[in-house]
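Student: Let me begin by handing over the structure; questions about it come next.
Throughout, read-outs are computed from the coordinates displayed, never taken from laboratory work. Please read all numbers here as calculations on a predicted model, not as lab measurements. Every residue, glycine as well, gets a Cβ built from its backbone with ideal geometry; the counts of neighbours run over all protein chains shown.
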Ligand code: ADP
Ligand code: MG
């Protein structure tokens, strides 16, 4: 809670003013029933119209004053809590961006999304409710009780009992209800997720005639959502009727006890009217306190989840690295494990000079992407050294490292924006640069045939493009900033052989000095590389140029023979 509460600090004057206004409003409102009793018991029997008018005007003034203070106080509270939430969300977002990939894996992306949306909302509600009711409601209850005790202790005891009963009932009901609402929300999220999956995969679903199964899956999620909502609704259904019941029972009791006391001559009728006003006031305030309690318990849980992210240590600070080396890219006995169970990369060693090409071949899950991730310092190697640009990557800023690379990853998404923006990628590149990159990436030809050329809108999953077109846009994006090192992770998987060959030629022509890392399952894409790594279960089993591997690596030879029909062997 401490970090999140700290966000209130800059606004402490405003918070204090707002709370003071709410306090003042409560004081003013507490006067009203007293004046009412005074009018009925003193002014009316005496028949002094002037006194009645004066007391009436005073009541009006108090009511206006109370309303004004309440409105202003509420506005200030709303402003502060919105401003605090905005800053909290901004910091949380920035922090999320600076998390390392290992930390992202730890939190999970969907949890981070809900922390940024749901949890900040709960914290907002907490700040808002506490400022509005945190002082005012207890103040009304306390002040009201003191005044009612002053009017009539026996009636005040009735009041106190009903008040306590209300508080505990509402507190218990809402506390049980809110987790159920959260569960219901999650169930609805599931429904939405299935809907989206289905919409995204609608062609596959139709093509493979899985509609029935999809319908069942949806029906199950829908039913779960209904049950969760019903559960929550059933619990919460008691809340409002119960408060009404307590209020009415209390009123009846007050009138009953009061009537006896008026009969006995120890109390005036006006005092009972005044008392009834206090009763409603205190009852409402009690409900307010119960709600504040619930909001605080929810808000505190959310604040903890937010703080876990905000206070996550920066785990990739540049540090003293290993010795410098003449390699543009390289590893020495580098090992890495995502979960700490088995090694996903095991003792990798290779070197590559500036301007050379590295090819990586291996079955899925063999660690190809992992190897590249270590070069980009998305993850830090558990052991060994990783070099980029002659220096240990541990001594480099991730941001600075990122500036050297142009990368196409396997499952990369496009932006829901124009073709131009997808290639420029928020870097504000000139249209000439974008066109040049598109030409090298073999994308310019098809971009020209699109309805609005570079300004055509791209669907977020690229549904209005073919797989190969999408891939070429991503390659153009990687090329557009003229990187020193280009990494293509299976970027040719959807390209036909001819286009892939033209892409390789264009790359060599337009980016003569670039250091290239190509992950591919096609020997044709790799055979000109200066060094090819063959990966298997996280280990580099063989490495060398095409000819060497053909001779020494049976696996490579088999793949090459399969793919090239023995033509060049
Ligand atoms: P490739 O790119 O060769 O297909 P990867 O490098 O992506 O293989 O994966 C290597 C191994 O690491 C696989 O067993 C995979 O399951 C595992 N792995 C990849 N990414 C993660 C991750 N973020 N968390 C846990 N395990 C992972
Ligand atoms: Mg991969």
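Student: Which order, highest average first, do 305-315, 378-388 follow once you tally other Cβ atoms within 10 Å for each residue and take the mean per peptide?
Tutor: Working: 305-315: 14.7, 378-388: 19.5.
Sorting 305-315, 378-388 by mean packing, highest first, produces 378-388, 305-315.
Student: In vacuum, with every alpha carbon of the range 329-564 counted as one equal point scatterer, what does the Debye formula give for log10 I(q)/I(0) at q = 0.13, 0.14, 0.16 Å⁻¹? Two decimals, please.
Tutor: Those come out to -0.79, -0.91, -1.15, one per q.
Student: Over the alpha-carbon set of the chain, work out the extent along each principal axis and list the three values in angstrom, largest first.
Tutor: On the principal axes, the chain reaches 119, 57, 50 Å in Cα extent.
Student: Still on this structure, I have one more. Listed highest first by mean packing, meaning other Cβ atoms within 10 Å per residue, what order do 317-323, 480-486 come in?
Tutor: Values: 317-323: 11.6, 480-486: 19.0.
Per-residue mean Cβ counts within 10 Å order the peptides as 480-486, 317-323.
Student: For the range 326-379, would you read off the P(r) tail past 12 Å as a percentage of all alpha carbon pairs?
Tutor: Values: 974 of 1431 pairs.
Distances greater than 12 Å cover 68 percent of the Cα pairs.
Student: Same structure, new question: Using alpha carbons only, how many angstrom separate the centre of the range 268-286 from the centre of the range 424-464?
Tutor: What the calculation gives is 72 Å, centre to centre.
Student: Moving to a separate point now. Given labels modelled 7 Å from the Cα in the Cβ direction, how far is it in nm from residue 319 to residue 413?
Tutor: A separation of 3.3 nm, rounded to one decimal place.
Student: Taking 0.36 nm per intervening residue step and subtracting the Cα-Cα distance, what contour gain separates residue 168 from residue 214 on full extension?
Tutor: Details: separation 46, 0.36 × 46 = 16.56 nm, distance 4.54 nm.
This chain segment gains 12.0 nm when fully extended.
Student: Another question, then. Taking R0 as 41 Å, what FRET efficiency do you get between residue 431 and residue 145 from their Cβ-Cβ distance, rounded to the nearest 0.05?
Tutor: Values: r = 73 Å, r/R0 = 1.78.
Once the sixth-power term is evaluated, E becomes 0.05.
Student: For residue 555 and residue 266 in one chain, what is 0.36 nm times their gap in residues minus the Cα-Cα distance, to one decimal in nm?
Tutor: Values: separation 289, 0.36 × 289 = 104.04 nm, distance 10.45 nm.
Gain in length upon complete extension: 93.6 nm.
Student: From the square roots a ≥ b ≥ c of the eigenvalues of the alpha-carbon gyration tensor of the range 2-310, which class results: rounded (a/c under 1.5), prolate (a/b over b/c), or oblate? Don't jump to the answer; show the numbers that get you there.
Tutor: On the way: a/c = 3.28, a/b = 1.96, b/c = 1.67.
In terms of gyration-tensor shape, prolate.
Student: Another question, if that's okay. With just the Cα atoms defining each centre, how far is the range 158-222 from the range 338-355? Give it in Å.
Tutor: Their Cα centres are 44 Å away from one another.
Student: To continue, here is another question. Which percent, to the nearest 5, of DSSP beta bridges fully inside the chain are antiparallel?
Tutor: Details: 18 of 35 bridges.
Percent antiparallel among DSSP bridges in the chain is about 50.
Student: In addition: Give the shape of the range 74-128 as rounded, prolate or oblate, defined through the alpha-carbon gyration tensor: a ≥ b ≥ c are the square roots of its eigenvalues, a/c under 1.5 means rounded, and otherwise the shape is prolate if a/b is larger than b/c and oblate if not. Don't jump to the answer; show the numbers that get you there.
Tutor: Numbers: a/c = 4.95, a/b = 2.41, b/c = 2.06.
Cα axes put the range 74-128 in the prolate bin.
Student: Order these peptides, 549-556, 524-531, by their mean beta-carbon neighbour count within 10 angstrom, highest first. Show your work: numbers first, answer last.
Tutor: Details: 549-556: 16.6, 524-531: 19.8.
Listed from highest to lowest mean packing, they are 524-531, 549-556.
Student: Work out, step by step, the length gained on full extension between residue 71 and residue 497: first 0.36 nm times the residue separation, then minus their alpha carbon distance; give nm to one decimal.
Tutor: Details: separation 426, 0.36 × 426 = 153.36 nm, distance 7.05 nm.
Extending this stretch completely gives an extra 146.3 nm.
Student: Something else now. Which shape class, rounded, prolate or oblate, goes with the range 425-569 when its Cα gyration tensor gives a ≥ b ≥ c as root eigenvalues, a/c under 1.5 marks rounded, and past that a/b bigger than b/c marks prolate? Show your work: numbers first, answer last.
Tutor: Numbers: a/c = 2.34, a/b = 1.95, b/c = 1.20.
It is prolate, given that a/c is not under 1.5 and a/b is the larger ratio.
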